Amino acid sequence: MREQQLQHILRHMPAGIGTLLGPELRIGFLNEAMRNLLGGALPADEPLAVHAGPLTPDLLEVMQQVYLAGRPYVAKAYPLLLSGPAQAEPNRHYFDLTLEPLHDEKEQPLGLLVFAVDVTTQEEARQRAHELALETRRLDARLRVLTETAPLITFSLNADGQFEYVSPQWYYFTGQPPTADLNVIWPLLIHPDDRLRVLYQSEAARTTGVGWNYEYRLRRHDGQYCWMLSQALPELHAPNKPVFWHGAVTEVHDQRELAEALRRGEAELRFLADSIPQLIWTASTIGFIEYYNKHTAEYTGRSGQELGPTGWIALLAPAEQAAAARRWVQCVATGQEFEGLYQMRRHDGQYRWHIIRARQLTDSNGPRWFGACTDVDDQHRLREVLQTQYDELARTNRDLDTFVYTASHDLKQPLFNLRGLFDELRRTATFHDSEQAALLTMVDEALSQLDGTLQELAATVQDQRELAAPTEELDLRSVTEEVLLGLRAQVQESQATIDLDIAAAPTLLYGRANLRSVLHNLISNAIKFAHPERASHVVVRSLVADSGQPVLVVQDNGLGMRVNAETEPMFHTFERQHPRIAGAGVGLYLVQRIINSRGGHLSVSSAPQRGTTFTVHWFE
Amino acid sequence: MNHIVYMSRAVRPLSDQDLRDLLDQCRYDNARHEVTGILFYSHGNIAQLIEGAPAVIEPLYERIARDGRHSHVLQLANKPIAHRSFAEWSMAFHPLESESFRALEGFLLPHQLPPTPDSLPIADALIVDLVRQAVLGAADQSAL
Ligand SMILES: Cc1cc2nc3c(=O)[nH]c(=O)nc-3n(C[C@H](O)[C@H](O)[C@H](O)COP(=O)(O)O)c2cc1C
């Protein structure tokens with residue numbers, strides 16, 4: 001009964017059990033599992049080698065050895081190819097094979113007990129674990145290469161904030177020896193101005209269990225402090241229970257400096273623009289205003305928001321808007337500078353003159369327009385006032401000329417009548433008193449003088465009008481001869497000799513009427529003021545002065561006059577040097593006016609009783 | 001009555017078919033909602049002016065701004081106007097095959113564009129002139 005039970009148990013054991021008998025290892029008892037392993041029920045008493053099935057020669061050989069040696073052997077995870085039920089692909093199974101020698105009572109070898117436990121699942125799991133381990137090691141190696149060659153410092157901190165790992169780059173960067181105590185040294189290498197902040201921030205992040213992200217300056221091996229970006233994340237093993245922080249430190253010095261410089265530059269620019277009492281603005285490449293300075297808002301009474309990208313155009317005087325807008329569009333298209341004088345409305349509604357200028361400049365953000373509007377209203381108004389005054393003066397002058405001309409003209413007729421009446425009186429009336437006769441002469445003289453004055457006044461105005469006449473190349477000789485022809489009567493009367501010496505500068509670029517006036521007045525003056533005791537001799541000379549400019553000299557041997565040497569002689573209208581000689585003194589005034597208006601001047605030298613020399617400097 | 005002007009960039013260049021679809025869709029919808037205006041397109045650059053009742057064009061602009069066909073939508077004007085400056089809604093662009101577009105309602109070749117209407121306030125006319133120049137280029141402008 002017991003035997004039977006045992007047989008039953010053995011037969012259905014989930015492990016293969018079999019006995020092999022004798023040195024040939026003949027097949028003995030095989031339980032079901034063992035039969036499955038060997039590929040079916042094998043005939044008993046036949047040597048196993050004949051029905052080896054999946055058993056390898058190698059294994060059969062070892063069985064022989066175990067039988068002979070009489071010592072048990074265990075083969076762990078021995079692979080056997082078992083053919084599956086459907087004759088499909090043979091399956092690899094793993095068995096722990098125990099080979100146990102069997103002995104009889106006299107310790108003689110009897111055979112082998114084979115015990116096979118299928119460990120395929122365990123073995124496969126083990127192999128997978130092994131492969132994973134290999135893979136992990138490979139990944140690990142790769143990670144290591146990466147962390148140790150990438151241009152950043154990587155680190156791991158434990159929950160206490162102590163460094164567990166730092167990549168070699170830290171040592172390269174800081175120049176510290178590999179023996180350096182990281183926990184002590186690292187904080188010391190942080191810029192003193194940043195240290196407290198960094199220590200506080202990392203401490204705060206660790207106590208709250210979060211990551212961090214901050215920048216600070218770290219001392220490089222050469223002593224220079226460089227801006228670094230430190231980023232770290234916690235590794236959580238249980239929720240809210242970080243065990244490690246892993247992170248990286250990257251050098252961001254250049255970006256930071258650049259950004260800082262840009263920000264500073266832009267901020268400085270803005271500050272300047274905002275402090276200037278001028279309207280300053282910038283516009284995009286395509287012409288939309290992006291920034292107006294503070295003063296613009298104060299001046300126009302409108303914020304940049306209200307003005308919008310093109311609002312400035314509506315601030316101009318309505319008549320100027322369309323042309324200014326066209327010009328702006330054109331400048332934006334071509335990149336040409338925008339410049340113009342425009343009337344722009346102030347917050348109080350007053351239009352004031354502005355010079356608006358804008359120029360396209362390219363900075364790191366690409367091309368942009370920079371513009372300024374300068375209030376030039378006060379200057380502009382001043383100029384306008386001056387212009388108005390000038391115009392008024394010119395008009396007054398013209399009116400005066402006209403008045404003088406008309407007056408002299410209008411007075412001519414009554415004078416003419418007066419002379420007629422007087423002649424009539426002289427013809428018909430008889431005077432017995434010689435003093436009365438002298439009175440007649442005096443009235444006659446006075447009338448002649450009045451006539452002369454009127455004529456000269458008319459001539460002044462006439463010549464004044466000719467001042468603006470065009471210039472031409474004039475032959476001095478022919479003009480002088482023309483003038484002398486007009487003075488023929490006076491020349492004959494005074495028996496004057498006139499010498500012409502003009503070879504040095506025979507021509508002159510001047511207004512014809514002006515030249516005639518100058519010659520006429522100077523020559524007639526010279527004759528008029530002749531010395532009563534000697535014949536008049538007048539020399540007219542044309543020459544080129546040291547300055548290279550032409551000069552006219554009219555010299556006489558007449559009465560001469562006193563010249564105030566200190567002050568430049570001024571010849572005013574109606575100023576008379578010799579009250580006893582006819583003439584209104586208008587002549588010299590006229591000459592001087594002509595010469596001055598054409599950019600020259602008149603000078604005089606004279607000695608009483610000896611003669612006078614007038615020098616005309618045509619041009620300065 | 002309000003008008004809105006914006007500029008944007010197409011996410012990818014619009015094909016003739018894309019432009020035609022847009023033209024058809026917008027012409028139909030805009031006519032229905034009494035929206036008038038003009039759209040310029042060239043080489044991925046877009047600018048548009050729309051006029052209409054604020055209750056219509058405000059949400060329309062919101063929809064357009066969210067449209068996935070373009071991005072970088074920049075509003076340049078959004079304000080009340082006294083009256084419309086455009087009689088209808090049209091589009092101006094250079095199709096690759098202009099022949100098939102020639103007869104389409106509401107389509108204009110850039111050189112056929114009339115000058116910016118005088119009825120626009122000067123600052124807004126300047127916006128339209130500048131966006132037109134930025135989108136279609138200065139050459140077409142001078143050809144007017
Ligand atoms: C550049 C551009 C311009 C557009 N213009 C208009 C327009 O003027 N009117 C319009 O109804 N839809 C316009 N759309 C289409 C709208 O974005 C949207 O597709 C349309 O209003 C339908 O919206 P729904 O599908 O939400 O109804 C435009 C789209 C793009 C990309």
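The values are calculated or read from the model by the stated rules, or taken from the named source; none is laboratory data. Note that the structure is predicted; figures quoted are calculated from it, not measured. Don't worry about glycine lacking a Cβ; one is built from the backbone with ideal geometry, like all the others, and counts go over all protein chains shown.
Odds and ends about this structure:
- Every condition in (1) farther than 30 Å from residue A:263 by Cβ; (2) touching a Lys or Arg at 6+ places or on another chain (Cβ under 7 Å) is met by residue A:337 except one, and the failing one is (1).
- Some residue of region A:11-31 being modelled with pLDDT under 85, in a helix (DSSP H, G or I) and in the same structural domain as residue A:65 (by TED's automatic domain parsing): yes
- Taking region B:53-85 as the range and being in contact with a helix residue (DSSP H, G or I) (Cβ under 9 Å, 6 or more places away or on another chain), within 15 Å of the ligand (Cβ to nearest atom) and touching a residue at least 40 places away in the same chain (Cβ under 8 Å) as the test, the residues that pass are B:69, B:70, B:73, B:75, B:76, B:78.
- Selection from region B:34-52 of residues that are away from chain A (no Cβ under 14 Å), of a type in the set (Gly, Ala, Ser), more than 8 Å from the ligand (Cβ to nearest atom) and surrounded by 18 or more Cβ atoms within 10 Å (Cβ to Cβ): B:52
- Listed by first and then second residue, the pairs linking a residue in region A:305-317 that is more than 7 Å from chain B (Cβ to nearest Cβ) to a residue that is outside any helix (DSSP H, G or I) and surrounded by fewer than 20 Cβ atoms within 10 Å (Cβ to Cβ), with Cβ atoms under 7 Å apart and 6 or more places separating them unless they lie on different chains, are A:315/A:345; A:316/A:343; A:317/A:343; A:317/A:351.
- Taken over region A:111-135, the criterion of being surrounded by 11 or more Cβ atoms within 10 Å (Cβ to Cβ) and not aliphatic (A, V, I, L, M) is satisfied by A:111, A:115, A:118, A:120, A:122, A:123, A:124, A:126, A:127.
- The residue list A:266, A:306 contains one member that is assigned to a helix (DSSP H, G or I) and assigned by TED's automatic domain parsing to the domain that holds residue A:358, which is A:306.
- Condition met for residue A:259 (aliphatic (A, V, I, L, M), assigned to a helix (DSSP H, G or I) and without any contact (Cβ under 8 Å) to a residue 12 or more places away in the chain): yes
- Elements of the type helices (runs of 4 or more DSSP H) sitting completely within region A:424-541 and holding at least 2 residues that are in contact with a strand residue (DSSP E or B) (Cβ under 8 Å, 6 or more places away or on another chain) and more than 21 Å from residue A:590 (Cα to Cα): there are none.
- First in region B:10-26 and farther than 15 Å from residue B:68 by Cα, second anywhere and polar (S, T, N, Q) and more than 10 Å from the ligand (Cβ to nearest atom), Cβ under 9 Å, 6 or more apart: B:16/B:100; B:20/B:100; B:23/B:90
- Strands (runs of 3 or more DSSP E) wholly inside region A:36-120 containing at least 2 residues that are over 18 Å from residue A:16 (Cβ atoms): A:109-118
- Criterion: more than 14 Å from chain A (Cβ to nearest Cβ) and either surrounded by fewer than 16 Cβ atoms within 10 Å (Cβ to Cβ) or out of contact with any Asp or Glu (no Cβ under 7 Å at 6 or more places or on another chain) (or both) - qualifying residue of B:87, B:134: B:87
- Residue selection: residue A:326 satisfies the criterion of being outside the structural domain of residue A:155 (by TED's automatic domain parsing) and either in a strand (DSSP E or B) or modelled with pLDDT of 90 or more (or both).
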